[in-house]
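What follows is calculated from the coordinates using simple rules that are stated; it is not laboratory data. Owing to the predicted nature of the structure, the values given are computational and were not obtained by experimental measurement. Using ideal geometry, Cβ is built from the backbone for each residue, glycine included, and neighbour counts are taken over all protein chains shown.
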Amino acid sequence: MTSNKSVTVFGAYGHTGRFVVSELRQRGWSPIFSGRDPDKLNALGDLHPGLDVRPARVDDSASLDRALVGAIAVINCAGPFARTSAPVIEAALRAQIPYLDVAAEIEANVDTFEQYADRSREAGIVIVPAMAFYGGLGDLLATVAMGDWTAADEICIAYALSSWKPTLGTRATTQVSRQRRSGRRIVFSNHRMQFRTDDAPVVNWTFPPPIGTQVVVGEFTTADSVTIPRHLRTQEIRTYMTLAPLKDLDDPDLSPPPAADNTERSAQTFLVEVVARVGNEERRAVAKGRDIYAFTAPLVVEATQRVVNMQGKMVGVFAAGEIFDARDFLKSLCPAHLLIEIQ
């Protein structure tokens, strides 16, 4: 265990960033607050006296370098990640410290894997992108569901969210992704990412009780479809989302998810079911929790702690289930943040 407990959080004042800051403090770490807005950083600093406040912009490499001085790792919580990932990763490479982010953007995560695999190994650091609800959780569940299988015919990921009040960051990243796709959809099929222009299919999915059978939108591709193929062999990744949260995404009300208690978590609940299939045999893993943004915080902080404790034993760009013991990782989040069932 390192004696250095300082972790830079870029985008610390954002909705997810605040949860990450709180989780770090609860675990005895000292977050360094960073981001582009000095006023918002100072306001956050007032709530956490004695912690460093270091404004930085992605178009100012010197400011990013200052933000990482003395840190043992950096967590990027600032979207759109298509704009922030590369500059913050570059700063982590110069500082030679691990980089983790909570990017849900498919294209940004593809870029991270493709552009930084060699350079991260050369610098001797670990990079773990998509360490969030979309990406990290599905990847870990898929890894557990696969077990000792070396390949699967398909991996299905079904999301049942009670609601989905998007943050401003989610809205911004969604807009950037839509612009990059020019109206096309992305799916993982026949061992690769593909673009499609037709409407996504609408089908039924039977979730575990008490949710039961629900109408879902198919091919709701998320960051899991980027991370899973990096280390698990499967021909198809099929993804599904219940209808209610998709309606919330189109709500013109721009207010953030409302807090339901003094933890600032919303009342939103989630269930994620992952099914791996080989022939007629199926294996599954199910996770239940509350507030996808709040849940991202223990997920990425647990990952940061494990990466730091590896002390350079592994270097490169990794998916969650590739670098961590997936079963042990998920169990570490239970029961405070997650309930899991493995079949």
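So, R0 is 35 Å and r is the distance between the beta-carbons of Phe195 and Asp65; what FRET efficiency does that work out to, to 0.05? The partial results should precede the final answer.
Numbers: r = 37 Å, r/R0 = 1.07.
Computed FRET efficiency for Phe195 and Asp65 comes out at 0.40.
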Helix axis angle, 15-26 relative to the chain longest principal axis, alpha carbon, degrees: 70
Cα centroid of the stretch 163-224 to Cα centroid of the stretch 273-302, whole Å: 16
Contact order relative to length of the stretch 77-146, as percent, for alpha carbon pairs under 8 angstrom and 6 or more apart: 35
Net dipole in debye of the chain [+1 Lys, Arg Cβ; -1 Asp, Glu Cβ; about Cα centre; nearest 20]: 340
Interatomic Cα distance distribution for the stretch 155-240, bins of 10 angstrom, percent: 15, 41, 38, 6
Inter-label distance, nm, simple model (7 Å from Cα along the C-beta direction), Val110/Asp46: 4.4
Potential lengthening between Asp248 and Glu341 on full extension [0.36 nm per residue; Cα-Cα distance subtracted]: 30.7 nm
Convex hull projection area averaged over all views, the chain, Cα basis, nm²: 16.6
Crossing angle, helix 38-47 versus the chain [Cα axis fit, 0-90 degrees, rounded to tens]: 90
Per-residue [θ]222 nm for the chain (sum of -39500 (n - 2.57) over DSSP H runs n ≥ 4, rounded to 500): -11000 deg cm²/dmol
C-alpha long axis of helix 106-123 to longest principal axis of the chain, angle in °: 50
Among Tyr13, Gly124, Ala91 the positive-end extreme of the charge dipole of the stretch 1-124 (Cβ point charges): Tyr13
Rg followed by Dmax, in Å, when the stretch 133-292 is reduced to its Cα trace: 16.0, 48
Glu236-Lys313 FRET efficiency (beta carbon distance; Förster radius 41 Å; 0.05 resolution): 0.75
Length released on extending from Arg27 to Thr206, taking residue separation times 0.36 nm less the Cα-Cα span: 60.7 nm
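Per-residue counts of other Cβ atoms within 10 Å, averaged by peptide: what ranking do you get for 41-50, 315-324, highest first?
Ranked from most to least packed, the peptides come out as 315-324, 41-50.
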Cα gyration tensor shape of the stretch 128-195, rounded if a/c is under 1.5, else prolate or oblate by comparing a/b with b/c: oblate
Peptide ranges 4-12, 196-204, 64-72 listed from the most packed, as the mean C-beta count within 10 angstrom indicates: 4-12, 64-72, 196-204
